[in-house]
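I have placed the structure first, in the form of C-alpha cells, so that the comments after it can refer back to it.
The values are calculated or read from the model by the stated rules, or taken from the named source; none is laboratory data. Given the structure is predicted, the values throughout are model-derived calculations rather than measurements. Cβ placement follows ideal geometry from the backbone for every residue including glycine, while neighbour counts extend to all protein chains displayed.
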Amino acid sequence: MANERQKPVRLDQAALDQALAGLPGWQVRADGLAITRRFSFADFNRAFAFMTRVALLAEKRDHHPEWFNVYGTVDVTLTTHDAGGISALDIEMASFMDRAAG
C-alpha cells in the first residue's frame, strides 16, 4: 500500500555514536535501548511551551517521547519500540527538542 510507513531501523553503534556527537547533553540509557536528556527552564510556563512544541512534531511524525515534567524540568526518554531501540526518528526528535529548548 502506498500509505504504509516503512518500519524504522535500529541504529548500529557507529551511527549512534556519530549522531550523539552532534547532540550534547543526550546520553544512552544504561540498557542501550534509548537516549535521555534533562531540560531545565526558568518556570513551568516555559517547560510546558517546550512540551507543546514537541508534541506537535511528535503527533505529525507519529513518534512520541516518554517524558516527565516537574515545574521547570522536563526529563525525556526517546526510543523506537518498532525498531527495538534507538532509530533515526529518535535522533530527529532529539535534534528538534534541542532547537525548541533554545
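For first residues located in the range 1-26 and on the phi > 0 side of the Ramachandran plot and surrounded by 10 or more Cβ atoms within 10 Å (Cβ to Cβ), partners that are at pLDDT below 90 and in a helix (DSSP H, G or I) and lie 6+ apart or on another chain with Cβ distances below 9 Å do not occur.
Scanning the range 27-60 for residues that are among the β-branched types (V, I, T) and surrounded by 15 or more Cβ atoms within 10 Å (Cβ to Cβ) returns V28, I35, T36, V54. Taking the range 1-82 and the strands (runs of 3 or more DSSP E) fully enclosed by it, the elements with 1 or more residues that are of a type in the set (F, W, Y) are at 35-40, 66-70. So which residues in the range 71-101 are closer than 18 Å to F44 by Cα and of a type outside the set (S, T, N, Q), if there are any at all? If the condition is that a residue be closer than 18 Å to F44 by Cα and of a type outside the set (S, T, N, Q), then Y71, G72, V74, D75, V76, M97, D98, A100, A101 are the ones that fit. Do you know which of the residues in the range 32-59 that are among the charged types (D, E, K, R) and over 14 Å from the mean Cα position of the chain (by Cα) is farthest from S95 (Cα to Cα)? Among those residues, the one meeting the criterion is D43. Kindly indicate whether T80 is more than 12 Å from A101 (Cβ to Cβ), free of Cβ contacts under 8 Å to residues at least 40 places away in the same chain and of a type in the set (S, T, N, Q). Spelling it out, it is not the case that T80 is more than 12 Å from A101 (Cβ to Cβ), free of Cβ contacts under 8 Å to residues at least 40 places away in the same chain and of a type in the set (S, T, N, Q). Among the residues making up the range 83-102, those that are out of contact with any helix residue (DSSP H, G or I) (no Cβ under 7 Å at 6 or more places or on another chain) and not in a helix (DSSP H, G or I) are G84, G85, S87, G102. When the residues of the range 65-81 are filtered to those that are surrounded by fewer than 13 Cβ atoms within 10 Å (Cβ to Cβ) and under 19 Å from L33 (Cβ atoms), the one that is modelled with the lowest pLDDT is H81.
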